[in-house]
1. Among the numbered criteria (1) within 13 Å of chain B (Cβ to nearest Cβ); (2) in contact (Cβ under 8 Å) with a residue 60 or more places away in the chain; (3) buried (at least 20 other Cβ atoms within 10 Å of the Cβ), which one does residue A:213 miss?
2. Hey, among the residues in the stretch A:159-169 that are more than 9 Å from every other protein chain (Cβ to nearest Cβ) and more than 26 Å from residue A:99 (Cβ to Cβ), which one's surrounded by the fewest Cβ atoms within 10 Å (Cβ to Cβ)?
3. Restrict the check to the stretch B:109-130 and report whether at least one residue is closer than 23 Å to residue A:313 by Cα and in contact with a strand residue (DSSP E or B) (Cβ under 7 Å, 6 or more places away or on another chain).
4. Of the numbered conditions (1) more than 14 Å from every other protein chain (Cβ to nearest Cβ); (2) modelled with pLDDT under 95, residue A:219 satisfies every one except a single condition; which is it?
5. Before we move on, is residue B:172 buried (at least 23 other Cβ atoms within 10 Å of the Cβ) and within 13 Å of chain A (Cβ to nearest Cβ)?
6. Looking at the stretch B:53-82 only, could you name the residues that are exposed (fewer than 14 other Cβ atoms within 10 Å of the Cβ) and modelled with pLDDT under 95?
7. Return only the number of the condition from (1) closer than 30 Å to residue B:80 by Cα; (2) free of Cβ contacts under 8 Å to residues at least 24 places away in the same chain that residue A:248 does not satisfy.
8. Would you be able to say whether some residue in the stretch A:14-26 is within 30 Å of residue A:172 (Cα to Cα) and within 23 Å of the chain's Cα centre (by Cα)?
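The values are calculated or read from the model by the stated rules, or taken from the named source; none is laboratory data. For clarity, every value in this text was computed on a predicted model and none was experimentally measured. Using ideal geometry, Cβ is built from the backbone for each residue, glycine included, and neighbour counts are taken over all protein chains shown.
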């Protein structure tokens, strides 16, 4: 019998198709293939092909926009939003509009074209996290920005047009729907129960352990109870914190370990699948609403989103989250070989 | 300068990338190719390969589950939900679940494998609409169902695993998020302005005409102001009606004409692109909340939904809706040739 499960935060329902439950090998295998190495603007030595560097971790004595960097942040050459402009809203009858003001940056994660975040050593992933934090905090100083989204597209199917390892950051002049809805839901629960809904969920997950993928002292990776997608995995800080920008220096390495470990396991279990990940955090001017709990959501792109999902907001997931967590817990051999690099 | 536009109903924002605005020919061409004709279970003469027929328009004197039909409805052989079961919710700590009870039917639109809804004559499309209405109304008699979604996936990229022309209907024991949110938004607007938000929008669109694609006396096809996707097109009844199930007999042909015409234009303009369409209507037990306005949303699948969209609920649309409407208004030659079939 299929099962309907409700996500307590978004209140969306998913259909968990327990009868035709799939295994990792049941998905059409679409390994992410590197492209464009000949003309890749993110490779070392081609620094002149991107807009000028905003920030980088680089070897002492090397100049901006030259080789010698480990992690490098540049403006997106084809930005979705522009940095110049105001935030006034105007109305056209029933409709509202504003200038497309915002920031659109690219975090190039490594000089190496043929790798990805799940294969890099932890200290390197920690530098990527530090670059995320540096840019996230810096853009907050621009009073026009209400929210910043850090995200990563891996593979063409997941929307990546360049395969060189990179993440992106888009700062927006309005709080997006998804962030607003999650914040409202967290506030509603806090008002009723006097505690954070994510903390309540974590407590239950850490007791049941059925959906836990991996954990260390500070972070936990788990398959959400009402996962929308096969092998969807969330990483959450164990101690309540609304704001990604407030991650303490001593948590950078544990977070890098949790992220690298989870992506490695997905890489091994699903043979380098396309995926997206997104950091969900409190909006920039809302830190006082401490009811939120920042986290990172990883969605492997193994199945198509079709008319049913677009029309309803329901999802059909053919992998039971408890099974997905177990598969990811058990893929240790390959992961250890990778992590030993 | 890119522009941010807000959809007045969902309150989601979209980025309209006016600077790099695309033309129909700018998208990687992925024409939908028919597959599987050798073993297609929806072709005439293979009626035994589907579960037994629920409903059909067929020639007088022909028996169920034999040739002689024009439109045929069968249960989905691999249903997402099962018809047997109750609707009690149970709780597992913070989480809610229920049995996956529901209906999942397939409306086979024609015996002909190598065509699609945008290429069929209007009287045939009207039979498809009548089959939608028959099934939609019939499933309402099951008191367990709270909502039914009619949708169509065209092409592999849009989630169709079989290319033989077909639509689907899924009846659900709960009202899905998207329907609930749109109904709430319509109610909020009605409470404030004393009228339907869709009617207000239609009035504005019919005056400005910038985003109108096509219309007849009863229906209008338009590019929504805050379209999420390039060439997204909605079809709405001009006269207020909350419930798709209440479409009057004399509106079946005008609706078929509007749907066929719009799909033909998309077919010609974008060279048979993959797409989804979904009928948005009032939930089954909510007809008293007459503030809603049923409509059909068509989303061509020309671009990938990636981390930014999943993380924010924002969309980036590279085709200005006014341009999309104009391109679709102007593709008449090809359409007329098709419609003359």
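1. Unmet condition: (1).
2. Top of the filtered list is A:162.
3. Quick first cut of the stretch B:109-130, residues closer than 23 Å to residue A:313 by Cα only: none.
For the stretch B:109-130, residues closer than 23 Å to residue A:313 by Cα and in contact with a strand residue (DSSP E or B) (Cβ under 7 Å, 6 or more places away or on another chain): absent.
4. Among (1) more than 14 Å from every other protein chain (Cβ to nearest Cβ); (2) modelled with pLDDT under 95, the lone unmet condition for residue A:219 is (2).
5. Working: buried (at least 23 other Cβ atoms within 10 Å of the Cβ): yes; within 13 Å of chain A (Cβ to nearest Cβ): yes.
So residue B:172 fits the description; yes.
6. Passing the criteria: B:77, B:78.
7. (1) is the only condition that residue A:248 fails.
8. If we filter the stretch A:14-26 for residues that are within 30 Å of residue A:172 (Cα to Cα), which is where we start, we get A:14.
Pick out the ones that are also within 23 Å of the chain's Cα centre (by Cα) and you get A:14.
There is at least one residue in the stretch A:14-26 that is within 30 Å of residue A:172 (Cα to Cα) and within 23 Å of the chain's Cα centre (by Cα).
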